[in-house]
1. Would you compute, for the Cα atoms of the range 73-169, the largest minus smallest coordinate along each principal axis and list the three values in descending order, in whole Å?
2. What do you get for trypsin sites (Lys or Arg not before Pro) in the range 27-120 restricted to DSSP loop and a cutoff of at most 16 other Cβ within 10 Å of the site's Cβ?
3. With the calculation restricted to Cα positions, what are the radius of gyration and Dmax of the range 1-108 in angstrom?
4. Take the Cβ-Cβ distance between V27 and S77 as r, set R0 to 25 Å, and report the resulting FRET efficiency rounded to the nearest 0.05.
5. Express in % the proportion of alpha carbon pairs of the range 112-154 at distances exceeding 12 Å.
6. Just to be sure I follow the definition: excluding the sites themselves, where is the longest run in the chain that has none of the chymotrypsin sites (Phe, Trp or Tyr not before Pro) in a DSSP loop with at most 14 other Cβ atoms within 10 Å?
7. What do you get for the angle between helix 167-177 and the principal long axis of the chain? Use alpha-carbon atoms, 0 to 90 degrees, nearest ten.
Amino acid sequence: MGFAYKTSWIAVRNSSAELVADALGMVERGIVPFDAGTDAAYAAGVYVAPPIGEWTLAHGRGLFFIDTETADSVFASWLADLSGKLGEVQFFSNYRVPECHEWALAIDGRLIRAYGWLGERFEVTRFVGEPTSIEHALGIGIRNLGEDIDDWSDEDYATFSATTPTESDVMKVAGAWSLDPSRIRDEDVPGYGVLGDFDSGLESSRRRVTASR
């Protein structure tokens with residue numbers, strides 16, 4: 001069954017669940033299998049799955065949906081710092097109701113690429129670095145909003161709107177960069193991962209969501 005929709009997650013290259021949990025500063029930890037941990041993280045906290053190939057995934061609504069301007073720089077610092085501890089860290093989130101879709105990549109303490117779209121406000125919330133090959137191939141996430149938006153015609157809006165992502169595009173970017181977690185079968189993830197609480201320090205910037213898996 002996997003996960004991916006209506007949630008956020010990180011993908012870490014070549015790490016263990018314990019190291020990722022340590023880097024996140026997770027507390028009140030429990031050791032649980034993939035299916036139980038994944039379901040639990042849709043309600044609260046974060047679940048760090050056992051490695052799948054070279055990737056360790058950590059998912060949960062505790063990894064926040066950011067929708068405030070002041071939180072953007074905090075997010076960039078958080079992800080860069082996390083990659084300073086873990087090497088390569090990718091971030092993804094999506095929630096279809098406000099059309100909040102995001103992805104980001106940081107390596108060795110540096111934010112390489114970040115894109116975020118909040119459709120309910122027609123706002124690009126993040127645009128850092130150059131679009132990657134998968135973004136160009138899909139034709140999404142490749143444009144930022146310019147200062148000339150007040151002068152846009154209907155055709156300009158339509159052209160730009162064609163570059164904004166859907167939740168399925170987030171999965172395609174994830175699949176190209178690392179793993180598409182929506183395609184993971186519970187039975188294909190052996191062993192146990194770490195379930196626990198996580199405080200990002202961005203409590204005032206989180207978009208709380210409670211929809212079920």
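1. Largest to smallest, the principal-axis extents are 46, 26, 26 Å.
2. R96
3. Final numbers for Rg and Dmax: 13.2, 37 Å.
4. 0.75
5. Distances greater than 12 Å cover 64 percent of the Cα pairs.
6. Maximal segment without exposed cleavage sites: 1-121.
7. Helix 167-177 and the main axis of the chain meet at about 70 degrees.
Read-outs throughout are calculated quantities, based only on the coordinates presented, and are distinct from any laboratory measurement. Being a predicted model, the structure only gives us computed values, none of them experimental. Because the Cβ atoms are built from the backbone with ideal geometry, glycine has one as well, and the counts that use them run over all protein chains shown.
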